[in-house]
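Student: Right, I'll just put the structure down here and ask away after.
The values are calculated or read from the model by the stated rules, or taken from the named source; none is laboratory data. Model, not experiment: these values are computed from the prediction. Cβ placement follows ideal geometry from the backbone for every residue including glycine, while neighbour counts extend to all protein chains displayed. For accessibility, only protein heavy atoms count, side chains too; no ligands or nucleic acids. Shrake-Rupley method; radii C 1.70, N 1.55, O 1.52, S 1.80 Å.
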Amino acid sequence: MTRRTRTRIRAGAAVAVALAALASGCTIEPDGTAGNRPGSDEGGGVLAVKIDNVGPARPQTGLDAADVVYVEQVEAGLSRLMAVYASRLPPVIGPVRSARETDLELLRQFDRPALAFSGAQSKLLPLIAAAPVRALPPGKAPGSAYYRGGGKVAPHNLFLRPSALRTGPSAGALDSTGFRFGPRPDGGTPQTRRTVRFPAARFTFDWVEYEGRWRIAMDGRRARTSAGKELSASTVVVQYVKVRPSRFHDRGGNVSPFTETVGRGSASVLRDGRAYPARWQRSSPEDGTEFTTPDGKLLPFAKGQVWVVYAKA
């Protein structure tokens, strides 16, 4: 039986359980806790962490060590980050914030990843519990994993010690994403700056030729880690997707958007100071996302950290 077949069987049973739980009715609370069994119920070699990305949460810690950073739209047009660690784990990651429905579909492409988050809306908890992830919020993770600090005010001060989660990097853990890395392809258009706007957030990527990287700014300010290191990426993917309202909302009544990462559409891949028009396709939640040139050839990324920004199509 293939991995995809096993995953689909588990997913079918999980959906039935989740729908039954939702039917019982729950109140909506923004930061509850839920998850699958911790400890011995290990998954694949990927740790995904939900990272706060509003002004009071910056500068973040440990973001520079991620292999992939996904940029998602959340309530009120703001942004939140999903940092995926497949090669190495920094000592501390944060600030950690709550999960969203978008995360569950996005993470299905990995082999049962560990997911660190601060909690979720109560009606979303059954879906998280049924999802093929190793959910490790406070209360499910070992007691030493989370702590409050960093000189920030709550709720922007929850940090994670990833070594306490008993999960670690695994060779080939990113293969399932569909990402392929290799030399710069022919074509593309010279480009040294790209800005992507959300309703209440914006991201700017500036190519620095002598450093061979895209320097990152968020909301008009240079992005740095808490240690003062500038954030940068080797490859930036601006992926145009459908962003629609979900059935969830926050405490203030703002509807949580759902970003559809399964399907197909257009994208722009930035690498080596050039922009490459691309097509993306992800046939099912268990599949990775394939990026191709307009003539159907696989479009390789530059080696190093990848940022994927989900822009509204």
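Student: Just in the range 247-291: which trypsin sites (Lys or Arg not before Pro) are loop by DSSP and have at most 11 other Cβ atoms within 10 Å?
Tutor: Hits after loop and neighbour filter: ARG251.
Student: Using the Kirkwood radius over C-alpha pairs as Rh, can you work out the diffusion coefficient of the range 143-258 via Stokes-Einstein at 20 °C, viscosity 1.002 mPa s, in µm² per second?
Tutor: 116 µm²/s
Student: Given the whole protein assembly as supplied and a 1.4 Å probe, what does the accessible area of ASP287 come to in Å², nearest 10?
Tutor: Per-residue accessible area (ASP287): approximately 20 Å².
Student: A further question follows. What's the ranking of 305-311, 53-59 by average number of surrounding C-beta atoms within 10 Å, highest first?
Tutor: Highest mean packing first, the order is 305-311, 53-59.
Student: Also, quick follow-up: Evaluate Rg over Rh across the chain, taking Cα atoms for both radii and Kirkwood's formula for Rh.
Tutor: Result: Rg/Rh = 0.94.
Student: Here's something else I'd like to know. Looking at the range 151-189, which trypsin sites (Lys or Arg not before Pro) are DSSP coil and have at most 10 other C-beta atoms within 10 Å of their C-beta?
Tutor: Counting only loop positions with at most 10 other Cβ atoms within 10 Å, none of the trypsin sites (Lys or Arg not before Pro) in the range 151-189 qualifies.
Student: Stretched out fully, how many nm does the piece from HIS249 to ARG148 gain, at 0.36 nm a residue minus the Cα gap?
Tutor: Difference between extended and current length: 33.8 nm.
Student: Let me ask something else about it. May I ask you to give the percent of accessible area on the range 100-171 that is carbon plus sulfur, with a probe radius of 1.4 Å?
Tutor: Taking all protein chains in place, the range 100-171 shows 52 percent carbon and sulfur surface.
Student: List the residues whose amide H sits under 5 Å from the amide H of THR61, counting only those 5 or more places along or on another chain, with H placed 1.01 Å from N in the peptide plane.
Tutor: It is GLY94, SER226, by chain and number.
Student: Relative to the compact globular guide of 2.2 N^0.38 Å, what is the alpha carbon radius of gyration of the range 199-313, as a ratio?
Tutor: 1.20
Student: Only Cα pairs under 8 Å and at least 6 apart count here; give the relative contact order of the chain as a rounded whole percent.
Tutor: About 22 percent, as a whole number.
Student: Let me ask something else. Can you tell me which of 95-102, 66-73 comes out highest on packing, and rank the rest after it, using the mean Cβ neighbours within 10 Å?
Tutor: 95-102, 66-73
Student: Describe numerically, in nm with one decimal, the distance between label points set 7 Å from Cα along Cα→Cβ at ASP287 and at GLU211.
Tutor: In this crude label model, ASP287 to GLU211 measures out at 3.7 nm.
Student: Can I ask one more? Size of the dipole of the range 249-310 about the Cα centre, Lys and Arg at +1 and Asp and Glu at -1 on the beta carbon, nothing else charged, in debye to 20?
Tutor: Here the size comes out at about 220 debye.
Student: Here is a further query. Could you work out the helix-only [θ] at 222 nm for the chain, with each DSSP H run of four or more residues adding -39,500 (n - 2.57) and the total divided by the number of residues, to the nearest 500 deg cm²/dmol?
Tutor: Result for the chain, helices only: -3000 deg cm²/dmol.
Student: On to the next question. Please work out the average accessible area per residue across the chain, using the 1.4 Å probe convention, and give it in Å².
Tutor: With the other protein chains kept in place, the chain gives 42 Å² per residue.
Student: Where a Cα-Cα gap under 23 Å defines reach, which lysines qualify for LYS152, not counting those fewer than 8 residues away within the same chain?
Tutor: Answer for LYS152, where 23 Å is the Cα cut-off: LYS50, LYS229, listed by chain and number.
Student: Could you give log10 I(q)/I(0) at q = 0.16, 0.17, 0.18 Å⁻¹ for the range 52-99, computed by the Debye formula over C-alpha point scatterers of equal weight, without solvent?
Tutor: Log10 of I(q)/I(0), two decimals: -0.43, -0.48, -0.54.
Student: Antiparallel as a % of all DSSP beta bridges within the chain, to the nearest 5?
Tutor: 75 percent
Student: Hey, with R₀ at 35 Å, roughly what FRET efficiency would ARG166 and GLU230 work out to, going by the Cβ-Cβ distance, to 0.05?
Tutor: 0.65
Student: At 0.36 nm per residue, minus the direct Cα-Cα distance, what do ALA313 and ARG184 gain on full extension? Give it in nm, one decimal, please.
Tutor: My answer for the length gained is 43.8 nm.
Student: Under the definition of Cα pairs under 8 Å and six or more residues apart, what whole-number percent is the relative contact order of the range 106-182?
Tutor: Relative contact order of the range 106-182: 28 percent.
Student: Moving to a separate point now. Could you work out the local net charge near PRO199, counting Lys and Arg as +1, Asp and Glu as -1, over the other residues with Cβ closer than 11 Å to its Cβ?
Tutor: Overall, the nearby charge balance is +2.
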